[in-house]
Amino acid sequence: MPTVTIDDRIVEVPAGTNLIEAGQRVGIQIPHYCWHPRLSVVGQCRMCMVEIEGMPKLQTACSTQVVKDGMVVRTKTPAVLEAQRAIMEFLLINHPLDCPICDQAGECALQDYGFKHGQAFSRFRYEEKRTYPEKERVPLGPHVLLNMNRCIHCTRCVRFTQEISGTGEIGFFQRGARKEIGVFPGRPLDNPLSANVVDICPVGALTSTRFRFAERVWYLDKKPSLCTGCDVGCNVTIEHRRGRIRRYKPRLNPEVNDHWLCDFGRTTAERYDELPRLLAPRIRKDGTERAVSWREALDTTTQRLRARSNEGPLAFLGSGFLSSEEAFLLAALADAVDSPHRAIWVDSGPARRIPNPRGWIEGRDAAPNRRGAELAGLVPGKGGIDASELLVGDAAARCSFLFVADSDFGRAAHDPKVVERLRGAQFLVVMGWADTPLARVADIALPVATHAEREGTFVNVEGRLQRFSPAFPPPSQVREALSVLGELLARFRPELAGRSIAEVFADMAAQRPAFSGRRWEAIPATGTVLESIARVAPAAEG
Amino acid sequence: MAFEKVLTRNVGHPEALGVRGYRDRGGYDALTRVLRMAPEEVVEEVKRSGLRGRGGAGFPCGMKWSFVPRQHPKPKYIVCNADESEPGTFKDRLLMENDPHQLLEGCVIAGWAVGANTTYIYIRGEYTKAARILEEAVRDAYASGVLGENVLGTGFRHDIHVHRGAGAYICGEETGLLESLEGRLGQPRVKPPFPAVVGAFGCPTVINNVETLCCVTHILQRGAEWFKGIGPDERNTGPKLYAISGHVERPGTYEYPLGITFRELLEGCGGMYKGRGLKAYIPGGASAPMLGVNDQEIPLAFDHLARAGSMLGSAAVIVMDETTCVVRATLRLSRFFAHESCGQCTPCREGTNWMAKILTRIESGKGTEADLDLLASVVPNVGGISLCALGDAAQGPVKSLLAKFGDEIRDNLRHGRYPLPRQRFFDPGAAS
Amino acid sequence: MTNHATADHSILPESVRTEIDALRPRYPTTEALLLPTLHRAQRAAGGWLSPETIAAVADFLELPPAKVAAVVSFYDMFHDHPVGRHRIRLCTNLSCQLRGAEELLEVLGEELGVGEDEVSADGRCSYVQFECLGSCDTAPMMMVDDEYHENLTPERVRQIVRALD
């Protein structure tokens, strides 16, 4: 591989690497606006200029590639610093002083580079700024708002719709200083990936309609997690404040979602605000309900499981929102009471797709982990009742005990017919985070954490195992499902009491072939494909 | 000065518009010879002639041709840059309207030399008459076997297509032209790669100006030595069309050996308009820095003008007399560049606009000396770091304004003389 | 020429399609047909390109309409708003400015009674300043539709404008 010297640091890079990427490898950040690792190189913003020995003029780092040894690059010479100052000045002379009202403040490349590379005063004192009248809040599409005055003409959004989404809605109109981005009348920016242009816009020209004026970004804490909208398993960053998710941002994973997140996935962050929350264990008896302690709730549950009067099946029903570890424990609980009735219900949804360097990944499940749950053992044993018998058929009415984990079946938990069927079980326990119509008819409702409040793994449509971490703790009376299931299981199998998630994962790896050889601590950040199922086509369900 | 007309020899001879008439006057001889030469020899001949591009950049033509890889899996293209939009330039129009076959012949020769079977003549959209004449000449050439599958019976295939632009100066920039040809916004491309390797439709392409290709025809007719013998030295060779306009008695296109002086050119077109005094002149189109009364002896050639701090460019000479407000003149050119900037890169998009605004304030009387200093500090960054040469070009008029007339402007500002009184050109009392 | 007041702009005329189809062999891509198509579509639509016409061109060449509209807005010879039956382009670049072009601009304003880029009340003419048209030796000059009118004086301009129907 060829080497290049940047600011006296020698770095070896694959041939064809550009100087911005080469610099990043040795911690040198060359400022840039228009370049993006996944978009074509246009060299338009002129912010990334560097000095290359032997070349009289400054060159753009984004368009200069290392192909052989010997290139010597300097990123902080007086000529470079003056060029950076000049570009910042040119960008700011017509830029509105909107920072106090602009959503981008705090994560704005104009602010950041202006501070680092610009000057602290304006020389544009007597002229009128170029503005785009009537274009301060133009809805380009359902998710994206344009303020054309703030645009710095980097064309990332134009290239995104041409090269990534392939939909071409955004054009680059006019010429010279009047140049503007926009859409064709009657053809709004309306593709499933549209909000990504908000992420890649370096400034506040393109902002999210749903996040508008919602929060100042410097108040947001950020934690890595996964989207739960479908089984593609896009990596996200949960950005939150005081226990509320404020938005998802895509987290880079070139193997799954690359730099992107679909519009639907972004909206799933809002579910936790939309549905009422189960906040304390609740027992319903003789038409009244009361909040109880966890001890009472779990004691009652255990008694019902052990009751000698149980003549009908003891059924355990999970959803695709369970983590692999939770599904494993739920199946183990069924085993502990000798029940083959372990089932999983997952809605299928519209096809969702996300592009990455290898192509597109497409998912159909409206939940993130049907595969992980099934591989962890949540499949009916011999003679076991399956999910459709419970939700569509009348098997629930025969059950002495029905444990539904988790309550969030998507549509099913709100479907009065499904609720009616499931409540036909003699004793219904519903464990979940949402106080759905199903949870409200349960004999016992057990409140557990959302995926933002716990950790675990999901296995996506391609068989990729990925870890997610908690962003914030659950409300005080709410527990993690893993610990609830673990405690219930320990009442039948005392030797399994108090196992950590790593230990649960190890048990799962020992007992379920798909996870064989994997360790909780050693799951790579970009996930890992479970070879044994990678080539199996996903089964249609629901 | 008496000088044998080369490029303009068929002007005034309308029979040359047809293949037959053109042939009768010696045309298509060069092509006939070329098709018997090895392509490499043709490139060498052009190199030896010292021909430099007549579109504005003055790049050695033979060297440009030699950048095209001999072996390449993709087809190659010749593109004739007939976009002629540099203010003050109208020579290519003269050539196309009066001697189209001279150009067509040069295109086919170029095609043979680099291995291209297709020429696109990209002609500015406003030149409707020239485009019509060219298309007629092309049709005639096909009918006469000069173009098509079997050029002059040699089995060489060459097609020429006339492609009209739609009004954008930036489409005269090589890669802006290619973008426009391909059906896109005429926004220049990042270079490298250069068109000789990745050009039209991703294929190796030679882009030459109309006058350059016309010179090629004559070089291959009469030899590199003959061409090299015209002009002041070996790096500045050949006959040249000078387009002179503005405050002169007889504006027009004049053919001279490369390197005549401004004084000779001015004399040859009847001197200053109404005998007035000279204030300033632009030697090579809007991008060329202005020269003044003390600069009339400089040979109007590539290197000589470059040494004098200006450029030959398209050899479009614009003459300004003593009634001219040079600030207004520079403002008009700055507005031109701001209007024509494609807008994709920051320094040109914002900088040309800003310079025009500052000059507007100065010209209208609302400016101060501090504005001159501001202008002086803004101008260096509009070019040099821009994506293409338009940013560099936009600097030319402003830099020379400050260099040649800075003191005069400061004096005017101190005395509050702006705006200077406008001299009406049309005397309202005189007969039309 | 089509009466653009009544023509259906959402349909690209057959004549335009036929002419463009004949040009397809000249280029390795369909995209390269865009400028030739827009010239012809504009002419057939009475001198300007409405959103419907632009969409029709986009459809014909299988290009995104936003891209076609962007191209229209980039070039000075394509108009995305109504123009007069006759389009006047008066050069006011330096060589013409030096020889009185701005005075002719005033004359045009007086004759037509409208400002720049506006259509005269009778729909006859619109006029704009234009950049160098390559006729500096016959300055001042203007382009009316496809024709150059050179060596102008205020009186010549009045004559030319009054003779337009």
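Each reported figure results from applying straightforward, stated rules to the coordinates on display, with no laboratory input. Just so it is clear, the structure is predicted and the values come from calculations on it, not from any experiment. In this analysis, Cβ positions are derived from the backbone assuming ideal geometry, glycine residues included, and neighbour counts consider all displayed protein chains.
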With the range A:212-257 reduced to its Cα atoms and the Debye formula applied, log10 I(q)/I(0) at q = 0.21, 0.24, 0.31 1/Å amounts to -0.70, -0.84, -1.11
Residue-ordered couplings for the range B:291-303, obtained by feeding phi - 60° into the Karplus form 6.51 cos²θ - 1.76 cosθ + 1.60 and rounding to whole Hz (Gly and Pro as x), are 10, x, 4, 8, 10, 8, 9, 5, x, 7, 9, 4, 5
The alpha-carbon center of the range B:251-319 and that of the range B:91-143 are separated, in whole Å, by 29
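Is there a simple number for the mean count of other chain Cβ atoms within 10 Å of the Cβ of residues in B:92-104, and what is it? Present the calculation step by step, with values, prior to reporting the outcome.
Numbers: counts 1, 5, 2, 0, 0, 0, 0, 0, 0, 0, 0, 0, 0.
If you average over the peptide's residues, the count of other-chain Cβ atoms is 1.
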quick note, the protein assembly as shown, DSSP beta bridge pairs, % antiparallel (nearest 5) is 60
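Of B:Lys47/B:Lys76; B:Lys91/B:Lys404; A:Lys57/A:Lys179, which pairs sit farther than 24 Å apart, going by alpha carbon to alpha carbon? Don't skip to the answer; put the middle values down first.
Values: B:Lys47/B:Lys76 20 Å; B:Lys91/B:Lys404 28 Å; A:Lys57/A:Lys179 27 Å.
The answer is B:Lys91/B:Lys404; A:Lys57/A:Lys179.
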Note to self: C-alpha centroids of the range A:176-255 and the range C:125-157 sit apart, in Å, by 52
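Taking 20 °C and 1.002 mPa s as the conditions, I'd like the Stokes-Einstein D for the range B:246-372 in µm²/s, using the Kirkwood hydrodynamic radius from alpha carbon pairs. It would help to have the intermediate numbers written out before the result.
Values: Rh = 15.8 Å.
After rounding, the answer is 136 µm²/s.
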Taking every alpha carbon pair in chain B and sorting the distances into 10 angstrom bins from 0 up to the bin holding the longest one, the percent per bin comes out as 5, 21, 30, 25, 13, 5, 1, 0
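So, R0 is 51 Å and r is the distance between the beta-carbons of C:Asp122 and B:Arg33; what FRET efficiency does that work out to, to 0.05?
Working: r = 60 Å, r/R0 = 1.17.
The pair C:Asp122/B:Arg33 has a calculated efficiency of 0.30.
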A correct fewest-to-most ranking of B:Thr212, B:Thr8 by other Cβ atoms within 10 Å would be B:Thr8, B:Thr212
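Given the Cα-Cα distance of A:Lys222 and A:Asp299 and 0.36 nm per residue of separation, how much length would full extension add, in nm?
Working: separation 77, 0.36 × 77 = 27.72 nm, distance 3.76 nm.
Full extension from A:Lys222 to A:Asp299 adds 24.0 nm.
Rounded to the nearest 500 deg cm²/dmol, what is the calculated helix-only ellipticity per residue at 222 nm for chain B, with -39500 (n - 2.57) per DSSP H run of length n ≥ 4? All intermediate terms of the calculation are to be shown ahead of the outcome.
Values: 16 runs with 181 residues, N = 432.
Using -39500 (n - 2.57) per qualifying helix, the result is -13000 deg cm²/dmol.
Set the Förster distance to 45 Å, then compute FRET efficiency between B:Asp411 and C:Glu110 from the Cβ-Cβ distance, nearest 0.05.
Working: r = 37 Å, r/R0 = 0.82.
E between B:Asp411 and C:Glu110, to the nearest 0.05, is 0.75.
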Once both label points are put 7 Å beyond Cα along the C-beta direction, the A:Ser476-A:Gln511 separation in nm becomes 3.5
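If each residue's Cβ is checked for other Cβ atoms within 10 Å, how do A:Asp365, A:Asp258, A:Asp221 rank with the fewest at the top? Don't skip to the answer; put the middle values down first.
Details: A:Asp365 25, A:Asp258 21, A:Asp221 12.
So the residues, fewest neighbours to most, are A:Asp221, A:Asp258, A:Asp365.
Can you sort A:Phe115, B:Phe426, A:Phe468 so the residue with the fewest Cβ neighbours within 10 Å comes first? Mind showing how you got there, number by number?
Values: A:Phe115 10, B:Phe426 17, A:Phe468 24.
By the 10 Å Cβ count, ascending: A:Phe115, B:Phe426, A:Phe468.
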Scoring only Lys, Arg, Asp and Glu (+1, +1, -1, -1) among other residues with Cβ under 11 Å from the Cβ of B:Val108 yields -1
Two pseudo-spin positions, 7 Å from Cα along C-beta at A:Arg244 and at A:Glu521, lie apart in nanometres by 3.9
Once the in-chain neighbours fewer than 8 apart are removed, the aspartates and glutamates whose Cα is under 19 Å from A:Lys222 read A:Asp103, A:Glu107, A:Asp199, A:Glu239, A:Asp258, A:Glu270, A:Asp273, A:Glu453, A:Glu455
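With charges only on Cβ, +1 for K and R and -1 for D and E, what is the dipole size of chain A about its Cα centre, in debye, rounded to 20? Write down the numbers at each step before the final one.
Working: 71 positive and 65 negative charges, 186 e Å.
So the magnitude is around 900 debye.
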Under 20 Å by backbone N from the virtual spin label 7 Å along Cα-to-Cβ at A:Arg74, the residues of the range A:23-39 are A:23-24, A:26-31
Sorted by chain and number, the residues with a modelled amide H under 5 Å from that of B:Thr261, at a separation of 5 or more or across chains, are B:Leu300
Zone reached by a paramagnetic label modelled 7 Å from B:Asn294 Cα along Cα→Cβ, restricted to the range B:397-417 with backbone N below 16 Å, covers B:400-409
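Run the dipole for the range C:14-74 about the Cα centre, Lys and Arg Cβ at +1, Asp and Glu Cβ at -1, nothing else charged, and hand back the magnitude in debye, nearest 20. Intermediate values should be presented prior to the final figure.
Details: 6 positive and 7 negative charges, 40 e Å.
My answer is approximately 200 debye.
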Excluding residues fewer than 8 positions from B:Lys191 in its own chain, the aspartates and glutamates with Cα under 14 Å of it are B:Glu173, B:Glu174, B:Glu179
One checks the Cα atoms of chain A and finds Rg and Dmax, in Å, of 27.5, 91
Given the candidates B:Gly202, A:Gly287, B:Phe156, the one whose Cα lies deepest towards the positive end of the charge dipole of the protein assembly as shown, counting +1 at each Lys or Arg C-beta and -1 at each Asp or Glu C-beta, is A:Gly287
Quick calc: nm separation of the 7 Å Cα→Cβ label points for A:Lys285 and A:Arg137 -> 5.5
Karplus-derived 3J(HN,Hα) from phi for the range A:412-421 (6.51 cos²θ - 1.76 cosθ + 1.60, θ = phi - 60°), whole Hz, x at Gly and Pro, runs 4, 5, 10, 8, x, 5, 5, 4, 4, 5
Rounded to whole angstroms and listed largest first, the alpha-carbon spread of the range A:3-91 along its three principal axes comes to 35, 30, 23
For the protein assembly as shown, the Cα-Cα pair-distance distribution in 20 Å bins from 0, as whole percents, is 11, 33, 29, 16, 9, 2, 0
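Report the antiparallel proportion of the DSSP beta bridges in chain C as a percent, rounded to a multiple of 5.
Details: 7 of 13 bridges.
Counting DSSP beta bridges with both partners in chain C, the antiparallel share is about 55 percent.
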Expected sort for A:392-400, C:60-68, B:268-276 on mean C-beta neighbours within 10 Å, highest first, is C:60-68, A:392-400, B:268-276
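Calculate how many DSSP beta bridges within the range A:282-529 are antiparallel, expressed in % of all such bridges and rounded to the nearest 5.
On the way: 18 of 36 bridges.
So the antiparallel bridges in the range A:282-529 amount to around 50 percent.
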Sequence order, the range A:353-361: Karplus ³J(HN,Hα) from phi using 6.51 cos²θ - 1.76 cosθ + 1.60, θ = phi - 60°, Hz rounded, Gly and Pro as x, gives 9, 9, x, 9, x, 8, x, 10, 9
Ranking A:Ala343, A:Ala367, A:Pro313 by how far each Cα lies towards the positive end of the charge dipole of the range A:304-375 (+1 on Lys and Arg Cβ, -1 on Asp and Glu Cβ), the top one is A:Ala367
Taking only the alpha-carbon positions of the range C:14-74 as identical scatterers, the Debye log10 I(q)/I(0) at q = 0.14, 0.20, 0.26 Å⁻¹ comes out as -0.33, -0.69, -1.17
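Can you give the average number of partner chain beta-carbon atoms within 10 Å of each beta-carbon in peptide B:386-397, as a whole number?
Working: counts 1, 7, 0, 0, 0, 1, 1, 0, 0, 0, 0, 1.
That works out to 1 on average.
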Rounded to the nearest 10 degrees, the helix A:324-336 long axis (Cα) sits at an angle to the longest Cα principal axis of chain A of 10
